[in-house]
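K.L.:
Mind looking over this structure? Questions follow.
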Amino acid sequence: MPISEKSSGKNNINKRLVVKKLFARQQHEGFGAVVRRSIGRFELRYFDPFLVLDEFSVSAPAGFPDHPHRGFETVTYMLEGEILHEDCEGHKGVIREGGLQWMTAGKGIVHSEMPSSNSNGITHNKGLQLWINLSSKHKLVEPIYQEIESKDIAETEKDGVRVRIIAGEWNGVKSKICTRTPTMYLDFTLSPGSRISQSIPFHWNAFVYVLEGQGHFGDSKLQHSGAAAHHLLLLGLGGDRLEAWNSSDSGLPLRFILVGGEPIGEPMVQFGPFVMNTQEEIDQTIDDFDNFRNGFEKARHWKSQAASALGLF
Ligand code: FJE
Ligand code: FE
């Protein structure tokens, strides 16, 4: 490690501090769906390698009917209820509460993401969807799905801290998910009075998104920020550790995700659900999509059952 990155003799220097705090308001997306978008909105277009973070909520009849993706990954983590997905290659399934779908769209996918028709009585289907960019060498890979049910997500509990390991590893416990862009994704629940000191790779971009409760984040001795649900906290560079603690005075748990990723450091051009390196590649992608080529072949004669059932097409 170069001298300049070492601590200046004090033990506080290696902590990640909160450099930006954003409240994610509700906005309408898709067909009758509501999202709280934090990354990917005007004030925060791109936090390399992260393109979008949506906390979404859908109640049937609503959802995200047939749409394409190219050049990145979508990570859908269900918090409540369930989502049915179908794609033009015939891949279909339900992501249930606590479950995860890590989809590498690569060269192209057309799919729908809708509340499942047998979500009897479940009015709220809630989750998080994170879009992670792919480096130029992975943008046009064949699509890959990794799906994990809730019971198969690694989970540990110690000293009032529950961790679900979505991607990466924690205390020697590894997630099964294989990521193209090196990524850590941890879901923490801290009971009242408990705290963590979590390592984060030094050069990675990292953020916290609060789901429930009230917490403080940063450096307990030097500088820290309080945050409640629906707040995104961007962590600055210059440290390899985050401290967080439950600061609720009403005895409620604090739940948040901590996500970090290695920056790709390449030019990024986004046109809705297409994310490439140059405008020419975006123009090519629109042409491929319009003409059902180079990964979009099967979309020509495909409509999702979920959207057809609603008479959307
Ligand atoms: C999309 C508008 C959209 N956030 N969260 C435009 F709504 C979408 C889209 C989603 C989405 C889907 C789920 Cl399951 C959860 C989401 C946006 O599908 F892709 C574009 N281009
Ligand atoms: Fe999608």
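Only the coordinates and a few stated rules stand behind these numbers; no lab work does. What you see is a predicted model, and the numbers here were worked out from it, not measured in a lab. Please note: Cβ atoms are built from the backbone with ideal geometry, for glycine as well, and neighbour counts cover all protein chains shown.
K.L.:
From the square roots a ≥ b ≥ c of the eigenvalues of the alpha-carbon gyration tensor of the range 41-196, which class results: rounded (a/c under 1.5), prolate (a/b over b/c), or oblate?
P.N.:
oblate
K.L.:
Over the chain, one equal point on each Cα, no solvent: what is log10 I(q)/I(0) by the Debye formula at q = 0.07, 0.10, 0.13 Å⁻¹?
P.N.:
Each listed q maps to, in turn, -0.28, -0.57, -0.96.
K.L.:
Using the alpha-carbon atoms, what tilt in degrees (0 to 90, nearest 10) does helix 279-290 show relative to the longest principal axis of the chain?
P.N.:
Computed tilt is about 40 degrees.
K.L.:
Quick one: if you take sqrt(5λ) for each eigenvalue of the C-alpha gyration tensor of the range 115-258, what semi-axes come out, biggest first, whole angstrom?
P.N.:
That gives 26, 22, 15 Å for the three semi-axes.
K.L.:
Please enumerate, by chain and number, the aspartates and glutamates with C-alpha under 16 Å from the C-alpha of residue 174, excluding those fewer than 8 residues away in the same chain.
P.N.:
147, 149, 152, 155, 157, 187
K.L.:
Pop a pseudo-label 7 angstrom from the Cα along the beta-carbon direction at both residue 156 and residue 202 and give the gap in nm to one decimal.
P.N.:
2.4 nm
K.L.:
Now a separate question. Send over the Kirkwood Rh of the range 73-150, from the inverse of the averaged 1/r over different Cα pairs, rounded to one decimal Å.
P.N.:
Result for the range 73-150 stands at 13.0 Å.
K.L.:
I've got another one for you. Can you sort 69, 138 so the residue with the fewest Cβ neighbours within 10 Å comes first?
P.N.:
Fewest to most other Cβ atoms nearby, the residues stand as 138, 69.
K.L.:
Just list whichever of 20/303; 107/158; 92/151 have alpha carbons separated by over 30 Å in the model shown.
P.N.:
20/303; 107/158
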